[in-house]
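The values are calculated or read from the model by the stated rules, or taken from the named source; none is laboratory data. The structure presented is a predicted model; accordingly, all values stated were derived computationally and were not measured. All Cβ positions, even for glycine, are placed from backbone atoms using ideal geometry, and neighbour counts span all protein chains on display. The area values use the complete protein model at the heavy-atom level, side chains included, leaving out ligands, DNA and RNA. Shrake-Rupley method; radii C 1.70, N 1.55, O 1.52, S 1.80 Å.
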Amino acid sequence: MRRIISVLLENEPGALSRVVGLFSQRNYNIETLTVAPTEDETLSRLTVTTTGSDKVIEQITKQLNKLIEVVKLVDLTEGAHIERELMLVKLKATGSQRAEIKRTVDIFRGQIVDVTSSVYTVQLAGNSEKLDGFIQAVGTSGVLEVVRSGVSGIARGEKVLSL
Amino acid sequence: MELLSGADMLIRSLQDEGIEYIYGYPGGAALHIYDALFRQDKVKHILVRHEQAAVHMADGYARATGLPGTVLVTSGPGATNTITGIATAFMDSIPMVVLCGQVASTLIGEDAFQETDMIGVSRPVVKHNLSVRHPEEIPEIIRKAYYIAATGRPGPVVVDIPKDMTTPNERYEYVFPKKVKLRSYNPAIRGHAGQIKKAVDMLMAAKRPIIYAGGGVILGKATDQLTELVRMLGYPITNTLMGIGCYPASDKQHLGWLGMHGTYESNMAMHHSDLILCVGARFDDRVTNATEKFCPGARIVHIDIDPASISKTIDADVPIVGPVDAVLKEMITLVRESKEKPDAEAIAAWWKQIEEWRAFHGMRYETSPDLIKPQEVVEALWRLTNGEAFVTSDVGQHQMFAAQYYKFDRPNRWINSGGLGTMGFGLPAAMGVKLTHPDDEVLCITGEGSIQMNIQELSTCKQYNLPVKIINLNNQALGMVKQWQDMNYESRHSESYMGSLPDFVKLAEAYGHVGVRIDRKEDLESKLKEVLAMKDQLVFVDIYVDRFEHVYPMQVARGSMKDMWLSKTERV
Ligand SMILES: Cc1ncc(C[n+]2csc(CCOP(=O)(O)OP(=O)(O)O)c2C)c(N)n1
Ligand SMILES: [Mg+2]
């Protein structure tokens with residue numbers, strides 16, 4: 001099953017490499033990984049999406065917790081949560097394609113953030129399926145370049161992951 | 001206010017940490033530190049002949065005393081030479097701090113002379129590693145390093161020290177922190193009361209219980225509590241190779257150790273049990289054999305300080321995360337106060353069954369009229385040292401024979417590389433023990449393959465007068481490899497024959513020690529006595545043993561715990 005694990009990490013050099021190293025060392029998957037400092041600059045927030053059996057996921061969370069620099073973590077998929085990913089896509093846009101793409105972008109509630117005579121750059125946020133859906137809708141033949149941020153997640157409601 | 005250079009701060013911090021010995025080898029990036037070492041006499045440095053040996057020495061010291069060992073090496077090759085030693089300590093959860101020189105911070109990343117990314121290289125085999133970014137941080141980093149190494153599930157910690165952090169004429173205020181604060185590291189200090197209660201209820205209701213104890217009991221200094229609980233319950237106990245000594249081997253409740261080369265009765269009792277109380281062990285593959293066939297009728301209570309050890313390979317019915325001593329203490333109280341008592345009839349029937357197993361096999365081997373059997377060497381040593389020696393070992397058949405036939409009644413006396421299985425561990429580990437236990441007998445039971453992996457340390461033994469006894473069970477082969485080839489490859493002995501062995505007697509003499517060769521069975525006992533009488537000499541005893549001996553019992557690969565070879569021809 002796919003899981004989203006959210007980690008508060010000491011914002012120190014080398015801490016991220018320990019997390020990444022753990023995954024390869026123990027043969028765990030990383031599908032996406034995002035990391036950035038939080039409002040408290042001594043902490044980074046890291047979101048990793050991974051897949052595995054319940055047993056593997058249990059080991060992943062336990063092994064992550066063992067890393068000295070991991071302060072706290074939560075498996076967001078255990079409760080209601082919001083997940084978002086940001087995508088920037090460069091699309092071939094000439095002639096009648098331009099209106100067509102504009103319509104699709106609107107349907108997906110994206111924005112065209114840069115324009116040339118032959119190219120649109122589109123920005124889109126949502127869960128990973130929505131982003132996949134957009135690519136499908138515009139068709140891969142028109143896609144010049146895709147960049148995705150990887151998933152960020154947060155729990156719904158009152159629950160917070162903090163010190 | 002006291003102003004010290006980084007190098008002086010480092011040594012001063014070691015003093016304040018109470019470190020008496022460090023084992024190491026100098027080189028460019030560590031020279032400021034070595035100079036600071038020279039200008040004091042509290043911390044004593046032992047100069048080894050290879051950095052790997054420094055780490056095994058620190059490791060042997062740590063295993064014998066329960067205190068963290070300390071290593072000091074230079075950058076680059078000095079640091080990389082420690083890796084096997086660090087990995088050995090990591091696999092067996094041994095507390096130690098490895099201080100590594102590093103090129104100046106201004107040179108890092110430029111492929112400078114003797115630059116290696118030691119933080120990166122060591123990452124997968126350390127509990128943690130730390131790098132010094134400012135000299136003023138040194139006391140705090142040292143304090144943290146020992147704290148992390150020695151608490152919770154212990155392990156090795158590497159500290160990387162760029163040369164410009166130890167510059168002699170740059171001085172900073174020295175403050176040794178009283179306490180360490182780590183918001184992200186809080187090892188459990190007690191187990192969950194509800195879980196402990198549940199475990200005790202299960203213990204009382206069990207009909208075929210067994211206690212399965214591991215190295216965690218020794219590391220957690222909980223042998224007294226374990227012994228008390230086991231005696232109160234009257235249940236059988238087995239332990240892992242790493243747990244040897246956690247419960248007296250001579251006691252009748254003790255079934256010997258379990259697993260691949262464990263006793264018949266231990267493996268049978270495990271397989272047929274209805275309740276396993278696992279204390280500080282980790283269901284390692286050398287214990288469980290095929291996990292899907294593991295102990296089909298058993299419910300499992302698992303006590304460990306490391307939550308990640310629980311339900312990693314075998315699911316626990318009742319997990320208890322906590323220090324083993326504290327958890328066992330609570331269990332003892334609950335057992336004492338419990339209204340329920342063990343089912344006397346069921347337990348008696350269980351013991352009857354176990355005694356039958358014990359009578360069927362026990363530990364046995366066939367003797368020969370003329371050949372020296374490795375097992376009888378170990379038995380003789382056990383007798384002649386009253387079972388009280390510290391015994392270190394290397395890896396191979398000799399290691400298994402040592403563990404099988406030397407009966408340990410006390411913890412911290414059996415010292416071997418169980419998790420990583422590092423050939424070359426035995427001699428330096430024995431040196432680490434002897435240094436701090438000069439009046440105790442320290443034996444290194446080794447093989448002619450393993451001993452040659454760190455033979456250069458005979459020189460260190462001379463320099464520091466470390467009269468250990470090296471017992472070389474010389475079968476003229478990489479015996480364990482050969483055994484597997486006999487069993488699984490129709491005796492095709494690919495590269496397991498060791499030709500051109502040195503004359504170990506002359507070799508020992510060349511290093512300034514005594515060498516003794518034993519190749520006649522009738523000389524064994526008398527010559528061993530002579531050797532043990534030479535208290536102040538390192539004696540290298542080269543014993544020519546039966547070249548064709550195999551280690552038994554041996555679990556059948558991919559079978560259950562109870563599937564074993566008992567000799568070359570008997571399989572159960
Ligand atoms: C550093 C290292 N290399 C290889 C091995 C694999 N290995 C395990 S036992 C063994 C043979 C050991 O030979 P020896 O020390 O003579 O002991 P014996 O089995 O003959 O008693 C080998 C090569 C190992 N454990 N460690
Ligand atoms: Mg050999």
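When you work out D = kT/(6 pi eta Rh) for region B:3-173 at 25 °C and 0.890 mPa s, using the Kirkwood radius from C-alpha pairs as Rh and the Stokes-Einstein form, the result is 160 µm²/s.
Dividing the summed helix terms, -39500 (n - 2.57) for each DSSP H run of n ≥ 4, by the number of residues in chain A produces a 222 nm estimate of -8500 deg cm²/dmol to the nearest 500. Binning all Cα-Cα separations of chain A at 10 Å, short to long from zero, yields these whole-percent fractions: 10, 34, 27, 20, 9, 1. Across the alpha-carbon set of the protein assembly as shown, the Rg to Rh ratio works out to 1.03, Rh being the Kirkwood radius. Of the residues B:Trp357, B:Trp484, ranked by 1.4 Å probe accessible area with the largest first, the sequence reads B:Trp484, B:Trp357.
When the GluC sites (Glu not before Pro) in region B:1-43 are filtered for DSSP coil states and for at most 12 other beta-carbon atoms within 10 Å of their beta-carbon, the remaining sites are B:Glu2. Of the listed residues B:Asp92, B:Asp284, B:Asp536, the order by accessible area with a 1.4 Å probe, largest first, is B:Asp536, B:Asp284, B:Asp92.
Summarising the label geometry, the points placed 7 Å from Cα in the beta-carbon direction at B:Lys352 and B:Gln463 lie 6.4 nm from one another. For region B:496-550, the list of chymotrypsin sites (Phe, Trp or Tyr not before Pro) that fall in a loop by DSSP and count at most 15 other C-beta atoms within 10 angstrom reads B:Phe548.
For B:Leu384 and A:Arg26, FRET efficiency with R0 = 45 Å and r from the beta-carbon atoms, rounded to 0.05? Here the calculated transfer efficiency is 0.45. Accessible surface ranking for B:Lys469, A:Lys62, B:Lys341, 1.4 angstrom probe, highest first: B:Lys341, A:Lys62, B:Lys469. Count Lys and Arg as plus one, Asp and Glu as minus one, and take only other residues whose Cβ is under 15 Å from that of B:Lys179; the net charge is then +2. Annotation for region B:1-84: trypsin sites (Lys or Arg not before Pro) lying in DSSP loop with at most 10 further Cβ atoms inside 10 Å of their Cβ are B:Arg39. In angstrom, the C-alpha Rg and Dmax of region B:193-360 are 14.2, 41.
In this rough spin-label picture, where each label sits 7 Å from Cα along the Cβ direction, the B:Met534-A:Glu129 distance is 7.8 nm. Couplings 3J(HN,Hα) for region B:112-118, derived from phi with the Karplus relation 6.51 cos²θ - 1.76 cosθ + 1.60 (θ = phi - 60°), are 5, 4, 6, 8, 9, 6, 5 Hz, where x marks Gly and Pro.
Each label was represented as a point 7 Å from its Cα along the Cα-to-Cβ direction; for B:Glu490 and B:His437 these points are 4.8 nm apart.
Solvent-accessible surface (1.4 Å probe) assigned to A:Arg84 amounts to roughly 130 Å². Accessible surface buried at the B:A interface totals approximately 1700 Å², computed with a 1.4 Å probe on protein heavy atoms.
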